[in-house]
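Novice: Structure below; questions to follow.
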Amino acid sequence: MKAPELPDTAMLSAPLVIAVSFAYLLLLFAVASWGDRRAAAGRSVIGNAWVYALSMAVYCTAWTYFGSVGRAASSGVWFLPIYLGPMLAMILAWLVVRKMIRIAKTYRITSIADFIASRYGKSPALAGLVTLITVVGIVPYIALQLKAVSSGYAVLTSPLGAPSPQSDVWWRDSALYMALALAGFTMVFGARHLDSTERHEGMVAAIAFESLVKLLAFLAVGLFVTFGLFASPAALFEQVRAVEALRPLLLFDQGQPFAYAQWTGLTLLAMLSVILLPRQFQVMVVENVDERHLKRAVWVFPLYLLLINLFVLPIAMGGLLLFGAGTVNPETFILSIPLSQGQTTLALVAFVGGLSAATGMVIVETIAVSTMVCNDLVMPLLLRRKGSAQRDDSDLTGWLLGIRRAAILLVLLLGYTYFHLAGEAYALVSIGLISFAAVAQFAPALLGGMYWRGGTRRGALAGLAMGFAFWVYTLMLPSLAKSGWMPDGFLAQGLWGVALLKPEAFLGLRGLDNLTHSLFWSLLVNTAAYVGISLWRQPSATETSQALLFVDVFKRTSQVPPIFWQGKAQVSALLPLAARFLGADTALRLFSGYAQRLGLTRVEDIPADAQLVQFVETQLAGAIGSASARVMVASVVEEEALSLDDVMRILDEASQLRAYSVALEDKSRSLERATSELREANQQLQSLDHMKDDFMSSVTHELRTPLTSIRALSELMRDDVDMASAQRQQFLEIIVGETERLTRLVNQVLDLAKIEAGQAEWDEAAVDIRAVAQQAAESLRVNFQEAGVALALNLPDGVPSVWADEDRLMQVVLNLLSNALKYAPRGKGQVDLRLMDTTDGVSLEVQDNGPGIEADQQAVVFEKFHQVAGEAHYRPGGTGLGLPISRQIVEHFGGRMSLRSVSGEGACVGFTIPHSTRTGPAGQKDR
């Protein structure tokens, strides 16, 4: 592919780029300050699941922002495994992250070194080794961020394709001042306190903001290249396919046998890195405030990775088409392409995006590494000083904060020094993957410790040491040798001239790229040493106790966890110890809160038992790490060494306590259920009592009305012996009617009482309901004719029989027809009797064209003695028991009553009874 001539491009002035860069850092400062103010006001920013998910995008560093395009320009789609790994890790292994979060919250763990050391008996040696590996692996990675920013600055302020200008004196190097500015920012928002319960609210808010900035900037350039320069993705890739040298970049195999081992190795490496990188541990685990936020991050973080990589290949291919190969550094295409088209503003926005990617990584990484350096390297040295553990009156909070701030500055200066010395060396270009391989060595000890109780401190130490040694020999040293920093003879001849010891073909293993080769051997010996030595020697009592707390963390945190400590302690010794590292005010507040939870008013009354010792040690772990906290607590208490028998005894006691707790909870729930049932029964009795009073009142009223009429008419006839015969006959007819009404009322009350008491007699058999309906209509036909009300029958043949009492069913139908007759208008009334066969059974409905029933009255028409209110509904002679009795009869046969009505348009009352499913002789009684 012939390289085209480089176009004349616009340059930006150095003062403008520097001003914009520091303006952006000031904006970050403002965002972080706002986050801290919100936290102080009780309105946490990081309590939002979106902020948590965006902060995880700190994974995408300047190596992602610039390096992915460069890798795509040389290797095509082979930039993908670095992002497929994290996607798979979050989707498939989020339960692992959730367990890490629960462990870290429960035991106040503040770094990955503290996490691993705490699992294996809170070993200072193990914590120190993890910290050393981290520093060696991460400092070059920080240098890479400074290099990316420096290269971007050079592209913006130099002619296109010109070599990057080198500063002749260190104090004129802009990268130095960038490192110092980031150190200051990190000190202000990442090293202000020692209590792990106080989150880095401002820092997390700034990181989430930076994640948005770099994503939007990258997408802006991608859209410009894809649609601005080449019209569409299809047009862009069509041009790429037309160039023979570029065509293989679009293929997975690129014209060669597909390197499955390399693809798998890169994906696995990225999966481990997204969990084990110190900055990822910081934002995912330490800064997490709610485990539920992980549910959103599980899909938001992979989506973010998809979006930020969407235009990597188009930008890389567009740059190669525009500039050709070898003329412009592909890692700067994201800046060079807009500059070549005169889009200086877009180029500046892209630079700010890259600056954002670099600063986000540097800030979080230095916070995490400085915490590890302070807690796991410097603190153990301080504690070894003679008398340091006995000076109870010395407040070390200022010292600890100073150590962390110095560590932040030191880490950044080490990164700058590495960058300044390495320049454009091979080692710096590949340092991203090399750093990933370094932190991958934590995987066996960390993951094994979370799920395997048998892992031991010796096994973890041996595994980490062996894995790190192989990483240095098979990956780091070869990269240094290829950079010209050391002789490279051992690469071709092997160590001491032994061919089997070639670092890139160890024991004759060939066919793998150097990264996959190193990852294979380092993780193999790491895992083998970890498992083998752990099986060789059984864990100590302390290791066993910590293993139980880690492996069974969900079980332990859901109940009262066992406390693996025995000995003697004093509040008067533990309180000053906490004050030394947390501050006097904080320590007193913690102890006062602890006393209140125990129901005590004075700190001095707190029992100095194992619970208090664990409480103090856990609080100190958040400030100085679990290993140093164990050492300091041991210096002021009289601890008795635990044996494995002691551990098992404590576990048995904890199990018994859990069993007692479960039993008490069961009894408590039983008492609550009994109380609830008694309360419901009492309410039911009260309701029945009210119903009885209402019933007696209604019956008394219904009896008094006809009796009053009978008595009055009888007294009139007794006192007036000369009453006319016609008048006397009228009174007698009224008395007979009221007597019949009384008889009917008494019979209905008795009938309803028998039905409700279950003492009614039922002659159940298969009943032809059509015949029942026909007979009921015929018995009332004269009544309908006298009232001038038309009765229409719709009784189709073939309706199935129902299992019921024929006489009781006749009583229901007669009641419905009588009600409809009473309410149908005289002279123009219309009543329809309908019979239907439905899937639920046989349905019978009686429809009238009377006044209808208001909606608020429909729910109570089936209640005893209830008659619909209003003048339009008043009918003399009703008892209000017809429908309640009908409902009881229908429900006895497994059916249900129904009512449909619109006020002013009549009512439709009916019932549905299931089809007959039983057979038997007619008249068989079911009592």
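Laboratory data are not the source of any read-out in this text; all were calculated from the coordinates shown. Values in this document were obtained by computation on a predicted structure and should not be read as measured data. Cβ placement follows ideal geometry from the backbone for every residue including glycine, while neighbour counts extend to all protein chains displayed.
Novice: Could you tell me the ratio Rg/Rh of the range 440-485? Both radii from Cα atoms, Rh via Kirkwood. Present the calculation step by step, with values, prior to reporting the outcome.
Specialist: On the way: Rg = 14.0 Å, Rh = 11.8 Å.
Rounded to two decimals, Rg over Rh is 1.18.
Novice: Next up: Evaluate the distance, in nm, between pseudo-label points positioned 7 Å from the Cα of TYR451 and of ALA234 along their respective Cα→Cβ axes.
Specialist: The two pseudo-label positions are separated by 4.6 nm.
Novice: Measuring from label point to label point, each 7 Å out along Cα→Cβ, what is the THR743 to TRP50 span in nm?
Specialist: Going from the THR743 label point to the TRP50 one covers 8.2 nm.
Novice: Can you check what the Kirkwood hydrodynamic radius comes to for the range 265-306, Cα pairs only, in Å to one decimal? Please report the intermediate quantities before stating the final value.
Specialist: Details: mean 1/r = 0.0890 Å⁻¹.
11.2 Å is the Kirkwood radius here.
Novice: Once R0 is set to 35 Å, what does the formula 1/(1 + (r/R0)^6) return for the Cβ-Cβ distance between GLU680 and ALA855, expressed as a FRET efficiency to the nearest 0.05?
Specialist: Numbers: r = 30 Å, r/R0 = 0.86.
Computed FRET efficiency for GLU680 and ALA855: 0.70.
Novice: Let me ask another. Hey, with R₀ at 60 Å, roughly what FRET efficiency would ALA325 and TRP536 work out to, going by the Cβ-Cβ distance, to 0.05?
Specialist: Rounded to the nearest 0.05, the efficiency is 0.65.
Novice: Tell me, what is the Rg over Rh of the range 21-177, with Rh the Kirkwood radius over Cα pairs? Please list the in-between numbers first.
Specialist: Numbers: Rg = 20.2 Å, Rh = 19.7 Å.
Rounded to two decimals, Rg/Rh equals 1.02.
Novice: Here's a follow-up. When the dipole is taken about the Cα centre of the range 767-818, and only Lys, Arg (+1) and Asp, Glu (-1) are charged at their Cβ, what size is it in debye, to the nearest 20? Please list the in-between numbers first.
Specialist: Values: 3 positive and 7 negative charges, 29 e Å.
I would put it at about 140 debye.
Novice: How far, in nm, would the chain grow between LEU16 and ASP513 when pulled straight, counting 0.36 nm per residue and subtracting the alpha carbon separation? Could you put the intermediate results ahead of the total?
Specialist: Details: separation 497, 0.36 × 497 = 178.92 nm, distance 4.31 nm.
Difference between extended and current length: 174.6 nm.
Novice: Right, something else. If every alpha-carbon in the range 446-535 counts as one equal scatterer, what log10 I(q)/I(0) does Debye give at q = 0.16, 0.21, 0.22, 0.24 1/Å?
Specialist: Ignoring solvent entirely, the Cα scatterers give -0.67, -0.93, -0.98, -1.08.
Novice: Give me the extension gain from ALA712 to LYS295: residue separation times 0.36 nm, minus the current Cα-Cα distance, reported in nm with one decimal.
Specialist: Numbers: separation 417, 0.36 × 417 = 150.12 nm, distance 8.25 nm.
Length difference between fully extended and current span is 141.9 nm.
Novice: Would you kindly state how much longer the chain becomes between LEU899 and LEU524 on full extension, computed as 0.36 nm times their sequence separation minus their alpha carbon distance, in nm to one decimal? Please list the in-between numbers first.
Specialist: Values: separation 375, 0.36 × 375 = 135.00 nm, distance 7.86 nm.
Extra length from LEU899 to LEU524 when fully extended: 127.1 nm.
Novice: Given 5 Å bins starting at zero, what is the percent of C-alpha pairs of the range 1-102 in each, up to the one with the largest pair distance?
Specialist: Bins of 5 Å from zero give 2, 8, 9, 14, 14, 14, 15, 10, 6, 4, 2, 1, 0 percent of pairs.
Novice: Once R0 is set to 25 Å, what does the formula 1/(1 + (r/R0)^6) return for the Cβ-Cβ distance between LEU219 and ALA242, expressed as a FRET efficiency to the nearest 0.05? Write down the numbers at each step before the final one.
Specialist: Details: r = 27 Å, r/R0 = 1.06.
About 0.40, to the nearest 0.05.
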